[in-house]
Amino acid sequence: MSITGTLIIQIIVFLLLVAFTMKFVWPPIANALDERAQKVADGLAAADKARTELDAANKRVEAQLAESRSENAQRLADAERRAQAIIEEAKARANDEGAKIIAAARAEAQQQTVQAREALRDEVAKLAVRGAEQILRKEVNPAVHADLLNRLKTEL
């Protein structure tokens, strides 16, 4: 065989191999590559979509956190106002109770003063009776007794 014949046979075999590869081997490889490229593109699209959804979710979370912080601040302010109101109410009640106690003490002091005056009047009456007894035992002289009665009046 000559080189030309070998070269022609090799070209024919090479062309048959290329035709066989193009018909049977290349389409599955191209399909696999296309499928892989599609999967990668779908994955990238899904990642982009997930990233945008994550950003949206983060924004919603931040908005909800801001709202809950605002609500908590409002609740704290309300609680402080209620505490102040309760404190003021307790102070008012304490002042009222103190006023009642003071009024009761004054009433009791007044009552004790009245009782002391009554006791003093009783004592004065007893003294007057004793004085009268002393006057009657000694002598019945109006001039002497007038002086004693005047002293008794000044003592009352």
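A 1.4 Å probe run over the protein chains yields, for region 1-136, 87 Å² of accessible area per residue, whole-number rounding.
Stretched out straight at 0.36 nm per residue, the stretch from A105 to I11 would grow longer than its current Cα-Cα span by 20.6 nm.
Could you check how many percent of all C-alpha pairs in region 1-92 are farther apart than 19 Å?
Across region 1-92, Cα pairs with separations above 19 Å total 75 percent.
Computed over protein heavy atoms with a 1.4 Å probe, the carbon and sulfur contribution to the accessible area of region 1-100 reaches 64%.
Each label point was placed 7 Å from the Cα along the Cα-to-Cβ direction; for D42 and I87 their separation is 6.6 nm.
The values are calculated or read from the model by the stated rules, or taken from the named source; none is laboratory data. Bear in mind the structure is a predicted one, so any value in this text is a computation, not a measurement. Cβ atoms come from the backbone with ideal geometry, glycine included; neighbour counts cover every protein chain shown. When the accessible area is computed, the model is the full protein with side chains, heavy atoms only, and any ligands, DNA or RNA have been set aside. Shrake-Rupley method; radii C 1.70, N 1.55, O 1.52, S 1.80 Å.
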